[in-house]
Amino acid sequence: SRRDPEQREFLQAVEEVLMCLEPVLAKKPEYASVIERMCEPERLIVFRVPWIDDAGNVQINRGFRVQFNSAIGPFKGGLRFHPSVNVSIIKFLGFEQCFKNALTTLPMGGGKGGSDFDPDGKSDNEVMRFCQSFMLELARHIGPQTDVPAGDIGVGAREIGYLYGMYKRVQNEFTGTLTGKAIEWGGSNIRPEATGYGAVYFGLEILKEQNDTIKGKRCMVSGSGNVAQYAAKKLIELGAVVLTMSDSTGYVYEPNGFTEAQIDQIMEIKNKTRTTLAAYKSETGQYVAGERCWNAPCNADIALPCATQNEVEYEDAVKLVSKGVKLVLEGANMPTTNDGINFLHSKGCVLAPAKACNAGGVAVSGLEMAQNATMTTWSPEDVDDRLKSIMVDIHAAASAAAKEYGVPLQAGANIAGFEKIARAMIAQGCV
Ligand code: NDP
C-alpha cells in the first residue's frame, strides 16, 4: 500500500490473500521471504492504442499487460476490454490469476491485460481496427512459451479472432499464443463452456461433502455473459432451478426457473444482437431495470455471482443470507467484498472463492495450449472429463489446506495456491 495507495482493487485482492496467510507463516516462517516479491509484478506494460473510428476520427485508448509471476510456467491470463479498466483492475486480476493458475495443477504462471476500450455500441469494423492496433504492440511481449492471453469481460470469440489474426500476421507463425480460439483454427472443445461448467462442478464437490446434491436447488445467477450463460445451462441440465440472470442495466427474474430455451434467448440477445436484457421476452418472468439481481423477490439456496468485481457488497451478503443462501459459487473474479466474505462466513455460509471456483476456464485454456503444442484436438467428452477431474482436484487441494490450518474453504484455496508458488520461488532463488 506504500507503493500504490490509489490501487484500491489491487490492495483489496492482496489483503484478501494476506489475511489467510497468518497460520501458514506461523508454521512455515521461511515463506515470509517471498510474500513481498509475490505482490510486485515481474513486469507491467502500458501502451498507447490509436485507432480510427467509422467517422474517420483518431481515437486513443490505453492498453495494459501485467506479467505477474512466471515461477511455475509462462504468464497466462485473459484480456479485458471495459471502460473501467486501469492499472489497479489489471493488477488485481493478474495477482489473483497467479494463485488460480497454480491451483489448476497445470504449469502456468499468472498475467492479465486489457484496455479501457468500450466495445459497447462499436461496429464490427471498429472493434477489428481496435483489436489490430492493440495486438500490433502486444505481439512483441507475448508468445507460446512467454505469455499466452485469452478472453475476459468484453473479449469473446469475435475479439479473439481479430487479435489472433493480427498476431499471426505480425509474427508469421501459427502457435497457441492466444487461447479461446475457435475450434476450426486451433481452439479447444469446451473452452467457451469451461468457466461456467467448472464453477458448477466445483459446487457439486462442496455439496457432495455435505451429503447433498444440486437437484432442485434454487440458484440466483448474476451476469449474462460467457460465464453466467454456461453456468446457467449446466445448472438446468443437472436439475437445479435458475431464478435470475442480469447485466449492467438490470436483471430478469423467472419465478419458476429459466428453461433452456429462455437461456438461449438470453444468449441471442447478449452474443448476437448485443443489446441489453430489456429486450428479453417472457410470459412467466420479468425484467427489472437498474437493480442488482440479489433484490429479486425470492428465496434461494445458492448464489452464483458471474458478472464482475465487488457485485456482492456487505448489504448484498446480508440480503442473500436472509433469502436462505448457504453456498456462494464465485464465477466472476473477486465478486465479493472482504466485509461481504466475513459476513457470509459468520453466518455459516460456504464461499467457493473465484480463484478455485472459476479456474475451469484457464484450465481448459491450458489444455488448449497442450493440444496446440502437440497439433491435436481432443473430443468434447475428453475435455469435459479432464475439466471435471481438474475441478475435483482443485476442490481437494483447497479443502485439504482448509482442514490442515482449520480455516474456511476460501482461505484454503488461497493457501494451496500460495504454497505452490512460494516453493517454486524459493527453489529458483532471488530472481
Ligand atoms: P462477459 O463480457 O461475457 O459478460 C460480463 C457480464 O457481466 C455481462 O452480463 C455484463 O453486462 C456484466 N457486467 C460487466 N461489467 C459489469 C459492471 N461493471 N456492472 C454490472 N454488470 C457488469 O464476461 P465473462 O462472462 O467472460 O466474465 C464475467 C466474470 O467472470 C468476470 O469477472 C471475469 O473476470 C470472470 N472470469 C471469466 C472467465 C472466462 O473464461 N470468460 C474465466 C474466469 C473468470 P453487460 O452485458 O451489460 O455489459
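The values are calculated or read from the model by the stated rules, or taken from the named source; none is laboratory data. For clarity, every value in this text was computed on a predicted model and none was experimentally measured. Here the Cβ positions follow ideal geometry from the backbone for every residue, glycine too, while neighbour counts run over all protein chains shown.
The table below gives the values:
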| item | result |
| --- | --- |
| Residues of the stretch 294-344 classified as surrounded by 19 or more Cβ atoms within 10 Å (Cβ to Cβ), assigned to a helix (DSSP H, G or I) and within 14 Å of the ligand (Cβ to nearest atom), total | 2 |
| Within the stretch 36-48, tally of residues that are surrounded by 14 or more Cβ atoms within 10 Å (Cβ to Cβ) and in a strand (DSSP E or B) | 3 |
| Residue count, the stretch 124-147 (criterion: out of contact with any helix residue (DSSP H, G or I) (no Cβ under 6 Å at 6 or more places or on another chain) and closer than 24 Å to CYS98 by Cα) | 11 |
| Of residues in the stretch 263-293 being assigned to a loop (DSSP other than H, G, I, E, B) and under 23 Å from the mean Cα position of the chain (by Cα), the one nearest to the ligand (Cβ to nearest atom) | THR276 |
| Only listed residue being more than 11 Å from the ligand (Cβ to nearest atom), among the aromatic types (Phe, Trp, Tyr), crowded, with 18+ Cβ neighbours inside 10 Å and at negative phi, chosen from PHE174, PHE202 | PHE202 |
| Members of the stretch 80-94 found to be within 7 Å of the ligand (Cβ to nearest atom) and within 16 Å of GLN67 (Cβ to Cβ), listed by number | ARG80, LEU93 |
| Given (1) farther than 18 Å from ILE236 by Cα; (2) surrounded by fewer than 14 Cβ atoms within 10 Å (Cβ to Cβ), number of the condition VAL288 does not satisfy | (2) |
| Among (1) part of a helix (DSSP H, G or I); (2) surrounded by 14 or more Cβ atoms within 10 Å (Cβ to Cβ) - the single one ASP385 does not satisfy | (2) |
| Residue match in the stretch 255-272 (condition: farther than 16 Å from GLN229 by Cβ, surrounded by 14 or more Cβ atoms within 10 Å (Cβ to Cβ) and in the same structural domain as LEU320 (by TED's automatic domain parsing)) | no |
| One residue from ALA352, ALA356 being over 11 Å from THR104 (Cα atoms), surrounded by 24 or more Cβ atoms within 10 Å (Cβ to Cβ), at pLDDT 95 or above and touching a Leu at 6+ places or on another chain (Cβ under 7 Å) | ALA352 |
| Candidates TYR167, TYR201, TYR230, TYR197 - the one that is in contact with a helix residue (DSSP H, G or I) (Cβ under 6 Å, 6 or more places away or on another chain), under 20 Å from MET334 (Cα atoms) and free of Cβ contacts under 8 Å to residues at least 40 places away in the same chain | TYR230 |
| Given (1) at positive phi; (2) modelled with pLDDT of 95 or more, index of the condition GLY121 fails | (2) |
| Which listed residue is away from the ligand (no atom under 16 Å from the Cβ) and within 19 Å of the chain's Cα centre (by Cα), from PRO144, PRO149, PRO107 | PRO107 |
| Residues of the stretch 227-262 satisfying the condition of being touching a strand residue (DSSP E or B) at 6+ places or on another chain (Cβ under 7 Å), within 13 Å of the ligand (Cβ to nearest atom) and farther than 21 Å from ASP384 by Cα | THR244, MET245, SER246, THR249, GLY250, TYR251, VAL252 |
| Cβ-Cβ under 9 Å pairs, at least 6 apart or on other chains, the stretch 1-19 side under 16 Å from VAL87 (Cβ atoms), far side at pLDDT below 95 | GLN7/SER1; PHE10/ASP4; LEU11/SER1; LEU11/ASP4; LEU11/PRO5; VAL14/SER1 |
| Index of the failed condition, ALA182 passing every other in (1) near the ligand (Cβ under 10 Å from one of its atoms); (2) among the small types (Gly, Ala, Ser); (3) touching a helix residue (DSSP H, G or I) at 6+ places or on another chain (Cβ under 7 Å) | (1) |
| Selection from the stretch 29-42 of residues that are touching a residue at least 12 places away in the same chain (Cβ under 8 Å) and in contact with a helix residue (DSSP H, G or I) (Cβ under 9 Å, 6 or more places away or on another chain) | GLU30, TYR31, SER33, VAL34, ILE35, ARG37, MET38, CYS39, PRO41 |
| Odd one out for ASP124, checked against (1) within 16 Å of the ligand (Cβ to nearest atom); (2) within 24 Å of ARG274 (Cα to Cα) | (1) |
| When residues of the stretch 1-20 are limited to those that are in a helix (DSSP H, G or I) and among the acidic types (Asp, Glu), the one surrounded by the fewest Cβ atoms within 10 Å (Cβ to Cβ) | GLU15 |
| Considering residues of the stretch 207-226 that are of a type in the set (S, T, N, Q) and outside any strand (DSSP E or B) only, the residue farthest from the ligand (Cβ to nearest atom) | ASN211 |
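Rundown of residues vs (1) over 20 Å from LEU25 (Cβ atoms); (2) in contact with a Gly (Cβ under 6 Å, 6 or more places away or on another chain); (3) among the basic types (Lys, Arg); (4) outside any loop (DSSP other than H, G, I, E, B), yes/no style:
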position: VAL364; (1), (2), (3), (4): yes, no, no, yes
position: GLU368; (1), (2), (3), (4): yes, no, no, yes
position: TRP378; (1), (2), (3), (4): yes, no, no, no
position: ILE390; (1), (2), (3), (4): yes, no, no, yes
position: HIS395; (1), (2), (3), (4): yes, no, no, yes
position: ALA400; (1), (2), (3), (4): no, no, no, yes
position: ILE421; (1), (2), (3), (4): no, no, no, yes
